[in-house]
Amino acid sequence: MGATTKSYSIQPISGNLDFNQARHLLNRSIFGPTKAEIDSLVGKPISSALETLTQTPTAPLPPVNYTASDLDVPVGQTWINAAYNSTYNSYRLQSLRVWWIGLMMQQGISLVEKMTLFWHNHFVTETGTVTYATMLYQYNQLLRKYALGNVKQLAYDMTINPAMLIYLNGESNNASAPNENYGRELFELFTIGKGPLIADGNYTNYTESDIKAAAKVLTGWKNDRTNSKSVYDTTRHDKTTKVFSAAFGNTTIQNKEAEEYKLLVDMIFSQKETARFLARKIYRWFMYFDINQTVKDQIIEPLATTLFNNNYEIKPMLVQLLSSQHFFSSDYFGSHIKNPIDFTIGTYRKCEIPLSDNILNNYEIWNSIYSSCQAMEMTLGDPPDVAGWPEYYKEPAFYELWINSATIPSRTSFSDTLCQNGITKNGFKYMINPFILTGKISDPSDATTLINGLAQFLLPVPLSNEQITQFKDVLVPGLPDSTWTTEWNKYYSDQNNTTQKSLISKKLLALLTSMLRMPEFYLC
Amino acid sequence: MERRKFLKYTSATLATPFLFQGQWISVLASHSEFELLSLYNPNRKLILVQLNGGNDGLNMVIPISEYDNLVNARQNLLVKQSKILKLTDNTGLHPSMPELTNLYQQGKVQIVQGVGYPNPNLSHFRSKDIIMSGSDSKTVVNSGWAGRMLNNQYPNYPVGYPNAKAPHPIALTIGSASSATCQGDLANYSSVLTNLSSAYSSSAVSGTYPDTPFGNELKFVTNVMEQTESYLTVIKEAAAKAKNLSTLYPTAGQNSLADQLKLVANLIAGGLQTQIYIVSLGGWDTHSGQVANDADKLTGTQPTLMSKLSKAIAAFEDDLTLLNKADEVVGFTFTEFGRRIKSNDSIGTDHGTTWPAIIFGSRVNPGLVGDNPTIPAVVNTSDNLPLQNDFRSIYGSLYKQWFEVDDSQIVQLLGNTFPEIQIISKATAVMPTFAEENTNIKFWPNPVKDVAQLSFDSDGEITQIRIYLMTGQLVENIVRQRFLKGNQTIQLQLGHLNSGTYQLVVQKKGGRETVKFIVI
C-alpha cells in the first residue's frame, strides 16, 4: 500500500486506495465528500483518482438576478452585462456570492472549487473595497479559469484585472505619481515572498528599490468602469528603463508599453524562490501548517522543482503532493481544522441535505450560509486584508485561529439546526434527512454497524469503544442493542407508519446531533 | 378575573396583553429580553428519575392483599410474603428496598399506583415518547412536557443564553444526550453533563492524545470547546463550592444512579440554580431472568436495580438533609410502561401497562395514592394492570403545586385537564420565611374590610403580587406584570376574603417583600 503513519517521502503511494485513504484525499480536496464519492475512489490507484480530481470542468453559467428589486435585469437572467447601477449593485453582489456558494455546494469530485478559494485567498481582493459586482464576477472567473492551470498566466491576467487594479491602486499608478501598492504585494504576498532582512530595505528575495521599479513597470493601466474592462493608457506609462537588484540578476526592463507588465512577471517567476513560496502555500492549504526543516527539504523542495520545471503549471505539483506517501501518512489524517466554508458547505454535502427544486429557495439558504461563515470569521469575498485569512499564515497558531469561544457556538448552533429544526425557506425545509444516510449503511438495524457506518464517512478517524458506547446511550438509553433492532425493523417493514418513522428519525437525528458536535467533526 | 382588569386601568403600567403561540399570556410588556418569572421559587428543584426499559412495578410495589393470586400468576419470580417490606398492611416494597421503606416511614415518599394512560402502547420508543412528551397515545408531539413549561418561561432560548440574569443551565441531563422531556419548540432546554471532567466526548480517553498532528489539533479543539461551554464553567464552579456530606453513597462506579444523584446534590448544594435535573437507570426490560432462579428470588437483575434505586434515593435524601437543601428538592420516577401480570417461562415478564410512580422529598405528601390493583385468580398472558392515575396528573400536579404554574397554563401545557393529586404536602410552608419588617411596602388600612391600597417600589421589572394564608397556602394571584420604575400604588378588592390573617407578597426580580394583613 505504501502508507505509513508518518512519512516524509514525496514518492507516491503504491497500490489501490482503501477507504481511509480515499476519505482523506477527498476530505482535503473537496468540501464534505459524501460516502458515495469516497466509495467511488476505493480500489482505484491514486493516479486515477487524481486524474478525476484535476479535470477542469467547463466554466459554469454566470450568476443570475433573483430579486425583483433590480429593475434593470429580469429575474432569472444574468446581470453581468448590465450597466453599473449604485442601487442595484448590492443585489448583484448578493447574487454573486450565493452563486459562488452554490457552485461549491454542487461541486463534484474536482479540485476546482478548493483551488478557486485558494487563489482568492492568495490573489486577494476585498468586495468592500472593489464594490463593482461585475468586476468581482470577472475576478472570480479569472480565479476559476486558472484554478488548475498556469500560475504565471494567472499572475499576468491578475496584474491587469479591473478588480485588482482598484483594490491595490493600480488605477492610480501613473508615471508622474507611481503607486507601489500592487508592486509591493506582488513581491511580498503573490509571488516570491520576503526573505531575511539582510540590509536596509533588502529582503534577500527582493529590495525596496525593486518595488519602486516594479511600480514603474505597472504604470499606465486604468479601468473603464462603465464597461468593466481595464485599458492601457500610454500617456500614463513610465517609459524609462527599469533596473532591478542583484536578487534578480540586475535585470533591466525596457519600455514595452502594454506588454511590459508580463516581463515583470516573467522576471519574478524565473526565480525558483517563487516556486518555493507557492509550494509552501499549497502545502499549508492542503496538508498541515507546520513546515519543519525535513518538510522543507523533502517535500517543499521537490514540489517547487516540479512547479518550476513545468513552467508553473500547477497540476503536476498538486498531483505530486496529493499522491505522496507524506500526504497519506495516517498521523496527518484529521490534522486539518476545517475552515468555515468547509464546515458549513461540507456539512450540507456530507450529510446529503436535499436542496429545493426552486432555485430561489436555494439562493436564500446559500445566503444564510454566507452569513454563518461570516459569524465564524470567514467572509467569502472579503478576507480581512490583502494577506488573506490569517489562519493560513499567522504563526504559531495558523488554522487554530478558526476555533475560539465565539466561533464554536456558531458552529454548534449551525449543525444543531440542521439536525433538529432545520431552516425553512418558503415552505421548503433544509435539514438532514437521516434516512438518506442510513440508506448508505449496510445494516442500519444493528446499532454498532449504524454508529460506525455513520462515523466512517462523517469523521476522519474511527470511533473508540467508549465513544460507541456513548452513542448507543443516545440511541437506546439503558436498553439493549436489540431494542434498536426491533424498533428499526418495525419502521423498515412498514415505512408508511408515520409514527414509527418519526420515532426512528428522532433517534437518528439525536445521534447525528451528538456526532456533529464532536471535536473530530471539526477536523478533516 | 375582574380584579386584574381593574388594576390594569388604574395603575400606570407598561403592560399590554400578548399573544404568543396562540395563547394569551399574562400581561407582559414587550421587552428585548422576554423573561416570564413563572418559577417564583427559584430554590425549587425537580429531579426526574428515568427507569429505562419498562419497570415491573408489580414486583416493586407489591399488593400484599393480592398475594395468593400473585402466586398463581407469577410464582417463578415472586418473593415469599414474609419477606415483603410492609408500607401498610396491604402494600409493601420488594425486600431489596429497605432504604426506600425507611424513607417512606419517615414520611418522605408518596407512591402513586396504577400510573399510565389510555390506549397504552407497548413499544419502548413510542411509549417513552408519549411519557416524555406528555401527550395522548394517538398523538405525536415533538416537545417535552417540561420543555413546554420552560418554553413559556424562556421563549427566546437559546438566543442570548447564557446571560448575566440567567447564567445557569435551565435544565440538566446527567448522561449522554439532552432529555426529550426538555425539548422545546426551538431548542432543547437541557444541557448535558456526563461527568465533571469533561462535556465533550472526543476519541481521546481521559485527556491522553496521540503525539501526532491529528492528536495536537484534536486536543486543541477539545480544550477550546470545554472552555467555551460556559454552562460547564458555571457547573464546575457550583460543584467546587460544596461537598457531598452523606456517607450512604456507595463507592463510585458501583451504582450509576447513586453517582448521578450524588453529582446533582453537589451541584444543588453549590448553588447551581438549574431547576430540572434528569437522571436515569437502565436495564429494566426484564423479558427473562428477572430474578435469580432459586427458592428465595431475592436477587437477580430487577432486585439489583431496585436495590440501586432504593440506595440512591436514600443517600440523596440523606445528603440533601445534611446539606440543608432537602426542602428544595422533589424527585419522581418514571418508566415507559409496567409489565405483564403473568410471568413467562424464562422467569421474566413481557411489556405491560401501568406502573407505580415513586415520588420522594421532604415536601412530599406522604402515603399511597390509589389502590392495590386487583389480581384475578386466573391470569391470562394477555392480562394487564388497570389504569388508575394518568401520568399527566403527576405532571400537572407538579406544575401547579411545586412550580406554581397557573391552571390555564397547565391546560395549555398538557392539552387537557387531569385530576389533581396532592403531591406536595399542604402542611408545609410554601414560602421561605422573609422578615416582615420593611419600609418599602405600605398596606392600608390594616385591618381591612373591603378595599385596601398597596404601595411599593417597582424596579421596572416584572412584579408578582400574591396573597397567602399564614400556613403558606396560596390564596390568590393578584397580578403579575411589569410596572414602571418607581413608587406604585394599586387598589386591592379584598371583601370576598374570609376573616383572618393573610400575607401579601410582592415578588420582584430583586427579592421579596411581605406584609401581614387582617381581613375583618
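Within the protein assembly as shown, what percent of beta bridges assigned by DSSP are antiparallel, to the nearest 5?
Roughly 70 percent of the DSSP beta bridges within the protein assembly as shown come out antiparallel.
Using Cα pairs under 8 angstrom and six or more residues apart, how large is the relative contact order of chain B, in percent?
22
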Legend entry - Sites excluded, trypsin sites (Lys or Arg not before Pro) in DSSP loops with at most 16 other C-beta within 10 Å, longest stretch of chain B: B:244-425
Legend entry - Residue-averaged beta-carbon neighbours from other chains (10 angstrom radius) around B:248-260: 0
Legend entry - Percentage of interatomic Cα-Cα distances in the stretch A:28-82 larger than 18 Å: 56
Legend entry - Inter-probe distance in nm under a simple model that places probes 7 Å from Cα toward Cβ, at B:Asn487 and A:Asp200: 7.8
Inset, instruction - Can you spot the lysines whose alpha carbon is less than 27 Å from B:Lys400's alpha carbon? Ignore those fewer than 8 places along the same chain. - result: B:Lys5, B:Lys8, B:Lys45, B:Lys108, B:Lys128, B:Lys138, B:Lys165, B:Lys325, B:Lys426, B:Lys508, B:Lys509, B:Lys516
Inset, instruction - Could you please report the charge total around B:Pro95, scoring K, R as +1 and D, E as -1 over all other residues with beta-carbon less than 14 angstrom from its beta-carbon? - result: +2
Legend entry - Local electrostatic count, B:Gln422, Cβ distance below 12 Å [Lys/Arg +1, Asp/Glu -1]: +2
Inset, instruction - Rank these residues by their accessible area, most exposed first, probe 1.4 Å: A:Tyr182, A:Tyr132. - result: A:Tyr132, A:Tyr182
Legend entry - Shielding by other protein chains, B:116-127, mean Cβ within 10 Å: 3
Legend entry - Per-pair calculated FRET efficiency, R0 = 60 Å: B:Val141 and B:Asn90 via Cβ, rounded to 0.05: 0.95
Legend entry - Relative packing of peptides A:217-230, B:54-67, A:274-287 - highest average C-beta neighbours within 10 Å first: B:54-67, A:274-287, A:217-230
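Given only helices, namely DSSP H runs of n ≥ 4 each adding -39500 (n - 2.57), what is the per-residue ellipticity at 222 nm of chain B, to the nearest 500 deg cm²/dmol?
Rounded to the nearest 500, it is -7500 deg cm²/dmol.
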Inset, instruction - Just add up the charged neighbours of A:Thr67: K/R +1, D/E -1, any other residue whose Cβ is under 12 Å from the Cβ of A:Thr67. - result: -2
Legend entry - Average beta-carbon neighbours from other chains, 10 Å sphere, peptide B:171-181: 3
Legend entry - Within chain A, helix-based [θ] at 222 nm, where runs of 4 or more DSSP H residues each add -39,500 (n - 2.57), nearest 500: -14000 deg cm²/dmol
Legend entry - Point-to-point label distance, B:Tyr67-A:Asn465, nm (Cα→Cβ direction, 7 Å offset): 4.6
Inset, instruction - Round to the nearest 10 and report in Å² the accessible area of B:Glu336, as given by a 1.4 Å probe over the protein chains' heavy atoms. - result: 0
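Computed on protein heavy atoms with a 1.4 Å probe, what is the summed buried accessible area for the chain pair A and B, in Å² to the nearest 100?
When A and B are taken together, about 3400 Å² of accessible area is lost.
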Legend entry - Rounded tilt (10° steps) of B:391-401 against the dominant C-alpha axis of chain B: 30
Inset, instruction - Note the angle between two axes, namely the Cα long axis of helix A:89-105 and the longest principal axis of the Cα atoms of chain A, as a number of degrees from 0 to 90, rounded to the nearest 10. - result: 60
Inset, instruction - Take the cross-link list A:Lys145/A:Lys216; A:Lys35/B:Lys219; B:Lys80/B:Lys342 and give me the ones stretching past 19 Å between alpha-carbons. - result: A:Lys145/A:Lys216; A:Lys35/B:Lys219
Legend entry - Ranking by accessible area, most exposed first, for A:Ser324, A:Ser482 with a 1.4 Å probe: A:Ser482, A:Ser324
Legend entry - Dipole of the protein assembly as shown [Lys/Arg +1, Asp/Glu -1 at C-beta], most positive-end residue of A:Asn202, A:Ile365, B:Gly160: B:Gly160
Legend entry - Exposure ranking of B:Asp327, B:Asp350 by accessible area [1.4 Å probe, largest first]: B:Asp327, B:Asp350
Legend entry - Nearest 10 degrees, 0 to 90: helix B:301-322 Cα axis against chain B principal axis: 30
Inset, instruction - Only Lys, Arg, Asp and Glu count, each charged at its Cβ (+1, +1, -1, -1), so figure out the dipole size of chain A about its Cα centre, rounded to 20 debye. - result: 380
Inset, instruction - Treating only the Cβ atoms of Lys and Arg (+1) and Asp and Glu (-1) as charged, compute the dipole magnitude of the stretch A:391-507 about its Cα centre; round to the nearest 20 debye. - result: 500
Inset, instruction - Positive end of the charge dipole of the stretch B:274-413 (Lys, Arg +1 and Asp, Glu -1 on Cβ, about the Cα centre): tell me which of B:Thr286, B:Ser346, B:Val405 has its Cα farthest that way. - result: B:Ser346
Inset, instruction - Cross-chain or 8 or more residues apart, Cα under 22 Å: how many lysine pairs in the stretch A:281-392 fit that? Count them up, please. - result: 5
Inset, instruction - Using a cut-off of under 19 Å, list every residue of the stretch A:452-495 whose amide N is near the label point 7 Å from the Cα of A:Asp39 along the Cα-to-beta-carbon line. - result: A:452-460
Legend entry - Nearest-20 debye value, the protein assembly as shown charge dipole, Cβ charges on Lys, Arg, Asp, Glu: 920
Legend entry - Most positive-pole-ward Cα, B:Tyr502, B:Pro447, B:Pro63, against dipole of chain B from beta carbon charges: B:Pro447
Inset, instruction - Place a label point 7 angstrom from the Cα of A:Thr498 along the Cα-to-Cβ direction, then list the residues of the stretch B:110-153 whose backbone nitrogen is under 15 Å away. - result: B:138-142
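The values are calculated or read from the model by the stated rules, or taken from the named source; none is laboratory data. Small disclaimer: the values here were computed from a predicted structure and weren't measured. Here the Cβ is made from the backbone with ideal geometry for all residues, glycine too, and neighbour counts use every protein chain on show. For accessibility, only protein heavy atoms count, side chains too; no ligands or nucleic acids. Shrake-Rupley method; radii C 1.70, N 1.55, O 1.52, S 1.80 Å.
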